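Since the structure comes first, as structure tokens, the remarks are kept for the end.
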């Protein structure tokens, strides 16, 4: 009898211990409350590419998608799986499973993160409602919260669109291509200042950037604000006005170029902003800045700017993606080999970033159709591996 009594007592103690452990683990009070703050800090980074799936294939990829055709980036599905899909939670006995697009989408209001149950559950400081549960001890990182926020804000789509591609692609170009020795507006306008093409300069209007390499030192002149923006905007206005009607607006033909002999040294055109990038796409620098005289005015002024912006063997996309060759939009003749190396042999910009830039380029209505598919829609970009041409349909 004593043995049986002791056994019952031990059993009661065991279950009491289990109950206390569960109560401790699930409690929303005590030390956890004082230390935990799940609210989202700061402003969500809209340039962070935030798809649903981890792999997105470029819509106009080669016949067999190859290098530079796939965007690989952590997506919403992986975020939810890590924090919610564990075996003791939604990956186990707790419904819903939250493993499919439909299940996760059901907890969002497209375009409205703050009205979405999913967002509120992961950012609330009501610890009785918070998910994942407090006792899980695995808090969402700022980056993962940003992915969820951007995905909902951009429409909570199963497959990303322009809203997702454009901010991320422009950031890649801005960050990767606009250093002072590359596609910088400061260097471009500074070179004009150094060459005497900006009247009324004072010493305080410019500064210098010294680039030291193993093969020598290069000193760049940088035009400072506010003059920099005024000079650059005036140049862009002149370019657009001239190419709108080269006969009626002949007087707007730009004199400033980016290379010798107009300048003392050759530099690259600016890609500092979305507007700069669109300018470069619509009117390639290879036409806006050549090294031989294209036109001499009746007054004897010499200009180094071609009149037909489509008569070009260079484009933004073909300079970035080495798997593509360009057909001259004016003649329809394809190049025999890849020309241009903006991404340093696809090494400075990785293959996922190239695929993302291409996805933005072909989705953006502000990129002229002629610079996507040519004058007849039959395509101006060809994959070198397969010969497949990117066409409008």
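Values in this text are rule-based calculations from the coordinates and carry no lab data. Fair warning: this is a prediction, and the values are worked out from it, not measured in the lab. Backbone-built Cβ (ideal geometry, glycine too); neighbour counts: all protein chains shown.
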Per the helix-only model, the chain has a calculated mean residue ellipticity at 222 nm (DSSP H runs of ≥4, -39500 (n - 2.57) each, divided over all residues, rounded to the nearest 500) of -10500 deg cm²/dmol
Tilt, helix 351-363 to longest principal axis of the chain (alpha-carbon atoms), in degrees rounded to tens, equals 70 degrees
If packing is taken as the average count of other Cβ atoms within 10 Å, what order do 64-77, 144-157, 224-237 fall into, highest mean first? 144-157, 64-77, 224-237
Burial ranking of peptide ranges 281-293, 200-212, 355-367, 37-49 (average Cβ count within 10 Å, highest at the top): 355-367, 281-293, 37-49, 200-212
First check a/c for region 180-309, with a ≥ b ≥ c the square roots of the eigenvalues of its C-alpha gyration tensor; if it is under 1.5, answer rounded, and if not, answer prolate when a/b is larger than b/c or oblate otherwise. prolate
Using a Gaussian network model on the chain with a 10 Å cutoff between Cα atoms, which of 310, 279, 114 fluctuates the most? 114
Between region 36-108 and region 200-241, how many Å separate their Cα centres? 43 Å
Compare the peptides 185-196, 323-334 by average per-residue count of other Cβ atoms within 10 angstrom and give them in order, highest first. 185-196, 323-334
Under a Gaussian network model of the chain whose springs join Cα atoms within less than 10 Å, the largest fluctuation of 128, 341, 272 belongs to 128
Place a label point 7 angstrom from the Cα of residue 213 along the Cα-to-Cβ direction, then list the residues of region 251-291 whose backbone nitrogen is under 16 Å away. 265-269
Under a plain spin-label model, where a point goes 7 Å from the Cα along Cα-to-Cβ, how far apart in nm are residue 225 and residue 36? 4.3 nm
Tell me, how many Å apart are the Cα centres for region 323-393 and for region 144-195? 19 Å
Can you tell me how region 37-160 classifies by the Cα gyration tensor, rounded, prolate or oblate, using a/c under 1.5 as the rounded cut? prolate
Among 379, 269, 300, whose mean-square fluctuation peaks in a Gaussian network model of the chain (Cα, cutoff 10 Å)? 300
With a ≥ b ≥ c the root eigenvalues of the C-alpha gyration tensor of region 293-393, is it rounded (a/c under 1.5), prolate (a/b larger than b/c) or oblate? prolate
Given [x] 57, 25, 17; [y] 34, 26, 18; [z] 30, 25, 21 as possible values of semi-axes √(5λ) of the Cα gyration tensor in Å, the one from the coordinates is [x]
